[in-house]
Amino acid sequence: MQNRHILLRIIGLSLSILMTFAGVLVLRRQEIAAGLTVILAAILLFLISVRAIEKNPLTEAEAGALKPYLIPSLFWAVSLILVFFIIYGLGNPLKTPEQDRWIAAGWLVNILSLITGVCWAVRWKPPRLQEVRAWLHGNTIEILLLIAFLAGGLVVRIHALDQHPYPWSGDEASVGMEGRRILQGQVTDLFSTGWSGQPNWSFVPTTLCLAVWGDSIFAVRMMSAITGTLTILTLFLLAREAFGREVALIAAGFLFTFPYHLQFSRIGVDNIADGLMITLVLWLVFRAVRTGNIPTFLMAGIATGLTLYTYVGTRLVMAIALAALIYMLVRQKGYLRSHLVHLAAFLAALLVSVAPMAYFFIRNPHIFMARIGQEGIFLNGWLAKQVELTGQSALQILLTQVSKTVLVYISQNAGSNLFNSPEPYLTVLGSIFFLVGMGVALRRLFEPRNFVLLLWFWSVVLLGGILTLSPPANTRLVMTAPAVALFFAVGAWQISTALKHLRVSSRWIMALNALLILVFTFQNTAFYFGKYWNGNYFQDGNGELAMEVGLELKQLGPDYSFYLFGQPRVFAGFPTIQFLVPETLKVDLTAESIPALTIPAGQGALFATIPDNQPLLEQVAARFPGGKWQEIPRKTKPEVLYYTYILSPAATPRP
């Protein structure tokens with residue numbers, strides 16, 4: 001095309017029309033200043049574009065060159081228009097549930113329109129059947145091993161899923177209730193946030209699991225089990241793309257029974273999404289840069305944008321992905337200039353996918369910063385208070401934070417935050433391979449794959465551990481689990497390479513690596529389903545009480561109300577109880593409330609108390625005689641969990 005800038009002028013003309021349309025919509029919402037600003041900018045862009053086109057009209061050759069882009073441009077126009085409609089709809093404070101559903105559908109169509117337009121423009125075609133067969137035939141053993149790791153990973157993630165870890169946590173129940181609200185149509189605005197400031201889209205996988213496996217904690221945990229299993233796949237793809245087949249197989253073989261990752265793959269919280277998203281996004285970024293394939297850049301941009309819709313910690317993935325992409329582009333001389341269209345596809349996909357959720361957070365920055373402000377030791381003032389209380393310098397306190405966070409991988413037990421393990425994340429042997437792998441990465445720091453791996457691991461350790469409260473924060477370090485598996489695999493690969501130089505045959509090396517995976521599979525499963533399970537390290541008295549009393553109330557049925565003397569430890573509306581028996585009347589009792597206590601007519605009552613408050617339950621029994629006493633022991637310790645006094649509907653006093 002002789003006129004190199006004609007395409008930009010056409011885009012400017014089209015964009016000016018769309019901006020005018022958007023400005024009118026904003027004016028109709030009575031946002032006068034914003035609407036007039038958009039319209040004035042649109043008019044200015046229109047005049048500039050028209051003048052440029054008039055001065056340099058299209059030649060026949062240029063018109064012919066643009067024809068293949070006519071249909072794709074229609075899809076891109078649809079995508080842009082939908083972005084305006086979505087943002088406009090989200091800004092409407094009076095939108096209805098039906099409009100919420102249309103907005104969500106429009107967002108999905110928006111992404112599909114962009115994908116269709118780009119794939120049409122580059123004339124993308126799916127691989128032919130013969131090519132697929134040839135690839136499968138040439139990689140049979142690799143595929144079978146991967147399938148074995150995935151199948152084994154799923155089995156160890158769903159085995160006795162409703163029994164271990166015990167008890168069900170309140171966080172799991174909270175996630176389950178968010179999924180239930182979406183399933184029941186109580187929550188329709190998916191571009192808003194729910195429990196703990198998490199985007200409502202993050203609860204959609206839980207909603208689907210509830211729809212398939214029923215309204216249960218098992219279904220909530222299945223969401224994590226599936227996510228954790230998929231992470232094995234995405235880790236394999238990333239490792240194969242960046243490090244090769246041998247490293248990929250070792251990393252996948254290690255992760256599928258890694259106790260730390262296994263634990264969060266069996267708890268129904270959204271932290272496990274961190275590992276899936278970081279491996280998926282980085283795989284697509286590495287693959288896009290290597291192949292120079294525009295559709296892959298597009299998918300990388302979409303996946304990067306979707307990180308804003310999952311667990312709070314996953315937002316870091318977007319920063320890591322952008323940093324990785326920039327670093328790889330800078331490392332390749334001339335790449336940026338020759339791949340502007342590819343980067344445009346990435347950025348367009350990123351903006352389209354992220355726009356609705358970004359719009360919400362821009363309007364509600366306090367929600368975006370809530371968890372960061374609560375947990376960050378600088379933002380919440382914790383560090384300054386510790387300096388004042390302990391007399392230590394800020395540097396000394398930070399070094400303690402570093403020690404607690406880093407050593408949990410190799411030498412310090414992980415005794416907190418939904419894990420409570422008596423051991424470090426890694427065994428002694430695992431620590432050796434992990435440290436060797438990190439040493440290899442540091443030795444070749446400036447190779448993009450090593451730079452990105454180190455950036456990934458240490459940015460999470462810093463921002464999710466060292467600079468937050470109560471390290472080691474198991475819940476905030478989950479994103480490092482696949483990175484740990486990669487370091488382990490790189491260490492094993494480096495040792496294998498050294499053995500090759502010592503003239504050890506390839507068959508022996510393969511056998512040793514297979515033995516290594518078998519040893520770690522045995523060690524990890526024996527620990528997690530043996531020592532860890534039997535030792536009841538996950539135990540939590542309040543969670544256990546809530547789970548057991550909730551199950552008892554569920555068995556008693558809707559004819560019973562619940563009254564609890566739980567202060568100051570536990571309350572009647574504990575999330576686990578609320579999830580199990582949402583319709584049951586729940587009342588917190590104190591000594592002062594006993595004289596005025598009444599029981600609804602025709603209702604039975606289950607009174608429960610923690611051991612410290614047993615005398616108060618005796619007062620209730622004296623006031624409402626005819627009930628049944630129970631002493632409920634703990635399953636994890638030789639002590640009483642709680643006492644109950646149960647009045648059947650027939651035994652409750654009539655008004």
I need a count of the residues in segment 517-540 that are in a loop (DSSP other than H, G, I, E, B) and surrounded by 16 or more Cβ atoms within 10 Å (Cβ to Cβ). 5
Mind checking whether some residue in segment 578-588 is touching a Leu at 6+ places or on another chain (Cβ under 8 Å) and either polar (S, T, N, Q) or over 24 Å from D215 (Cα atoms) (or both)? yes
For segment 605-626, enumerate the residues that are in contact with a helix residue (DSSP H, G or I) (Cβ under 6 Å, 6 or more places away or on another chain) and either without any contact (Cβ under 8 Å) to a residue 24 or more places away in the chain or in a loop (DSSP other than H, G, I, E, B) (or both). none
Residue satisfying condition, being within 19 Å of the chain's Cα centre (by Cα) and without any contact (Cβ under 8 Å) to a residue 40 or more places away in the chain, within set E178, E172: E178
For segment 553-560, indicate whether the set of residues that are over 16 Å from Q163 (Cα atoms), in contact (Cβ under 8 Å) with a residue 40 or more places away in the chain and part of a loop (DSSP other than H, G, I, E, B) is non-empty. yes
Taking the condition assigned to a helix (DSSP H, G or I), in contact with a helix residue (DSSP H, G or I) (Cβ under 8 Å, 6 or more places away or on another chain) and farther than 20 Å from V24 by Cα, does I71 pass? yes
So for segment 281-290 (the condition being within 19 Å of A481 (Cα to Cα) and either in contact with a His (Cβ under 9 Å, 6 or more places away or on another chain) or touching a residue at least 60 places away in the same chain (Cβ under 8 Å) (or both)), does at least one residue qualify? yes
Among (1) over 30 Å from F236 (Cβ atoms); (2) of a type outside the set (F, W, Y); (3) surrounded by fewer than 18 Cβ atoms within 10 Å (Cβ to Cβ), which single condition is A134 missing? (1)
Consider segment 103-131. How many of its residues are assigned to a helix (DSSP H, G or I) and either in contact with a helix residue (DSSP H, G or I) (Cβ under 7 Å, 6 or more places away or on another chain) or surrounded by 15 or more Cβ atoms within 10 Å (Cβ to Cβ) (or both)? 16
Matching residues in segment 147-163 - criterion: being within 13 Å of T525 (Cβ to Cβ), surrounded by fewer than 17 Cβ atoms within 10 Å (Cβ to Cβ) and of a type outside the set (A, V, I, L, M): H159
Restricted to segment 300-339 and to residues being among the small types (G, A, S) and modelled with pLDDT of 95 or more, the residue nearest to V452 (Cα to Cα) is A324
Being in contact with a helix residue (DSSP H, G or I) (Cβ under 8 Å, 6 or more places away or on another chain), surrounded by fewer than 17 Cβ atoms within 10 Å (Cβ to Cβ) and closer than 30 Å to R101 by Cα is the filter here, so list the residues in segment 320-357 that pass it. L347, L351
Picked from segment 380-393 (must be more than 17 Å from S196 (Cβ to Cβ) and not in a helix (DSSP H, G or I)), the residue nearest to the chain's Cα centre (by Cα) is G381
Being within 40 Å of the chain's Cα centre (by Cα) and either outside any loop (DSSP other than H, G, I, E, B) or free of Cβ contacts under 8 Å to residues at least 40 places away in the same chain (or both) is the requirement here; does P582 meet it? no
For a quick check of your reading of the model, give me the residue pairs whose first member lies in segment 145-158 and is over 13 Å from G228 (Cβ atoms), whose second is of a type in the set (A, V, I, L, M) and crowded, with 18+ Cβ neighbours inside 10 Å, with beta-carbon atoms closer than 9 Å and at least 6 apart or on different chains. L145/L249; L145/A252; L146/I232; L146/L233; L146/A248; L146/L249; L146/A252
Identify all residues within segment 418-438 that are crowded, with 17+ Cβ neighbours inside 10 Å, part of a loop (DSSP other than H, G, I, E, B) and of a type outside the set (S, T, Y); write none if there are none. L418, F419, N420, E423, P424, L426
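The values are calculated or read from the model by the stated rules, or taken from the named source; none is laboratory data. Just so we're clear, the structure is a prediction, and the values are computed from it rather than from any experiment. All Cβ positions, glycine included, derive from the backbone under ideal geometry; neighbour counts span all protein chains shown.
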